[in-house]
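Working notes, beginning with the structure itself.
The values are calculated or read from the model by the stated rules, or taken from the named source; none is laboratory data. Everything quoted here is computed from the prediction, not taken from an experiment. Here the Cβ positions follow ideal geometry from the backbone for every residue, glycine too, while neighbour counts run over all protein chains shown.
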């Protein structure tokens, strides 16, 4: 049900402007500029990267099932471009199940870089403390990731002398946090934990036990982790046992990799052409980076790249066509306006809607 609800909601938000593949890239957290911008302009940020291990075959099967149920429709435009539409029956289903799907749990864009790291650390830490508390120092770790194991090993050394009191504090904080969820959801979360002579249940085992789809169990846990992270970060002093598990993780999805290197040069005042030359990258690649930078930088100088006249023309085209398609907008502005400038104005338009930065 959760998976269906998210797919239908994402399709409803994109309003036939994108294909089903765009939803797949959204859920799996693609870092392409198209997916990042789409997440913002279609207000689908909450779903960004919430199903990172989703196989395309599983996704396609689910989409096909929703089409066969009469909830979704894939349409083909005159020029052969495919789009997806949430049908009235799909919207009716969404309205009927709205209260049973925890959409408000999800903050995918905010916690994309943190959720998995925090959860893996928590699972391994609980398993470690449950065993060491029973003087069992030989167990098979449930998380096989060098970085996670290294973190828990170092963290255990720090709290070893006060292990019992830390374990009690950790227990109390988890009880307090999970009390805010329905009882069954809290139990599902707990059932994933491994302890002394006990291994947590798999997603498939939980799906059978609670009569839910495995995909829904996975998504529910992701949403719950997002909620936990939000509360822990807002009230750090109230969660002194849990906050150290995220204290070193910094902020959310930001500019990393190649766009991050471009941003460093951009902040030095270099032009796109200069950055292109220094980094030995095509100018269009730098333009893509700048469009991504514009999403995050509250002081991005839009007017350095788009004149006031062109700004008005692009924004008017967005309004008149009621479209966020680059090609549609390009066809309704004068030829000298580039796709890069339109991308920037889509970001600017989003920031205006969200009450963000002003032009300049």
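A compact table of results
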| read-out | value |
| --- | --- |
| Failed criterion for residue 297 (all others in (1) surrounded by 13 or more Cβ atoms within 10 Å (Cβ to Cβ); (2) modelled with pLDDT of 90 or more hold) | (2) |
| Test: residue in segment 121-134 that is part of a loop (DSSP other than H, G, I, E, B) and either crowded, with 21+ Cβ neighbours inside 10 Å or in the same structural domain as residue 159 (by TED's automatic domain parsing) (or both) | yes |
| Criterion (surrounded by fewer than 20 Cβ atoms within 10 Å (Cβ to Cβ) and either within 30 Å of residue 297 (Cα to Cα) or in contact with a helix residue (DSSP H, G or I) (Cβ under 8 Å, 6 or more places away or on another chain) (or both)) met by exactly one of 7, 94 | 94 |
| Residue match in segment 65-78 (condition: surrounded by fewer than 22 Cβ atoms within 10 Å (Cβ to Cβ) and under 24 Å from residue 221 (Cα atoms)) | yes |
| Residue within segment 260-275 that is within 26 Å of residue 53 (Cα to Cα) and modelled with pLDDT under 95 present | yes |
| Members of segment 320-332 that are surrounded by fewer than 20 Cβ atoms within 10 Å (Cβ to Cβ) and in contact with a helix residue (DSSP H, G or I) (Cβ under 9 Å, 6 or more places away or on another chain) | 321, 323, 326, 327, 328, 330, 331, 332 |
| Among (1) modelled with pLDDT under 95; (2) more than 24 Å from the chain's Cα centre (by Cα); (3) crowded, with 17+ Cβ neighbours inside 10 Å, the one test that residue 108 misses | (2) |
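Quick grid of which residues meet (1) assigned to a loop (DSSP other than H, G, I, E, B); (2) closer than 20 Å to residue 36 by Cα; (3) assigned by TED's automatic domain parsing to the domain that holds residue 22:
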| residue | (1), (2), (3) |
| --- | --- |
| 285 | no, yes, no |
| 293 | no, yes, no |
| 299 | yes, yes, no |
| 316 | no, no, no |
| 347 | no, yes, no |
